[in-house]
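Read the structure below first, then the notes.
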Amino acid sequence: MVNNPYRGSQFLTSASKINQFPADIGREVAFIGRSNVGKSSVINCLTDNKSLAKTSKTPGRTRLINFFTVKDDIRLVDLPGYGFARVDTATKRQWGEMLNDYFMERSSLAGIILIIDIRRPLKAGDLEMIDWSERAGLPVHLILNKADKLPFSRQKKALQDIKKQVDETHVSMQLFSVLKKTGIEEAVFRLNTWLMG
Ligand SMILES: Nc1nc2c(ncn2[C@@H]2O[C@H](COP(=O)(O)OP(=O)(O)O)[C@@H](O)[C@H]2O)c(=O)[nH]1
Ligand SMILES: [Mg+2]
């Protein structure tokens, strides 16, 4: 990697409600996806810091919005995973409200990195996210993570299948593997276009 400005990003703060969000200045990119797709792992991979965003083998553990500072007022944001079944409805409602507040309020939000497990199709939560961002005029970059779990021919097939389901003028996409450290440069390029302009 020639130049990765996300290396050395630092934890800023966690929030469970809107009045705990850091000042809405500068620019940030939000990482979102279902629990266990490897969202925290991707953030750690892009920042070259194994312990920045907590990763877990137990799905649904991250219930807070975590903000990381890249430099000055440039941030990466780890949002809580959606679609985790084993929580009660009150907890789900609270997550929903927090995410809603986040997406409605953040004028510094410059783009959305939507992460999926390459072996799973786009789920309702993913499609809702894409729909919402289209309406909000925010670009989405889809990361098909855990590419190492499939042979290359099926990785390409997964990419083609998803291309048919989304509007490519609005949603860009790529393969990624945290395990094999592949796709980092492409993701850094996308982040740069949104954050470093
Ligand atoms: N094989 C493989 N496993 C991965 C990859 N990315 C994440 N994982 C594993 O998937 C599990 C969930 O990862 P985590 O980052 O906690 O997911 P999150 O809930 O979306 O934040 C962990 O056991 C990770 O080690 C990947 O690219 N390849
Ligand atoms: Mg996580």
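Structural remarks
- Of the candidates L109, L79, L142, the single residue that is within 15 Å of S35 (Cα to Cα), within 16 Å of the chain's Cα centre (by Cα), surrounded by 14 or more Cβ atoms within 10 Å (Cβ to Cβ) and in contact (Cβ under 8 Å) with a residue 24 or more places away in the chain is L79.
- Residues considered: A158, A136, A110, A187. Of these, the only one that is away from ligand 2 (no atom under 16 Å from the Cβ) and out of contact with any Leu (no Cβ under 8 Å at 6 or more places or on another chain) is A136.
- Within the stretch 9-31, tally of residues that are closer than 14 Å to D72 by Cα, surrounded by fewer than 14 Cβ atoms within 10 Å (Cβ to Cβ) and in contact (Cβ under 8 Å) with a residue 60 or more places away in the chain: 2
- Enumeration of residues in the stretch 82-98 that are away from ligand 1 (no atom under 15 Å from the Cβ) and surrounded by fewer than 20 Cβ atoms within 10 Å (Cβ to Cβ): D88, T89, A90, T91, K92, R93, Q94, G96, E97
- Among the residues making up the stretch 1-38, those that are over 15 Å from V188 (Cα atoms) and within 16 Å of ligand 1 (Cβ to nearest atom) are F11, S14, I32, G33, R34, S35, N36, V37, G38.
- Subset of the stretch 166-185 [away from ligand 1 (no atom under 14 Å from the Cβ) and in contact with a strand residue (DSSP E or B) (Cβ under 9 Å, 6 or more places away or on another chain)]: V166, H170, V171, S172, M173
We did not get these values from a lab; they are worked out from the coordinates using the rules stated. Since this is a predicted model, take the numbers as computed values, not measurements. Here the Cβ is made from the backbone with ideal geometry for all residues, glycine too, and neighbour counts use every protein chain on show.
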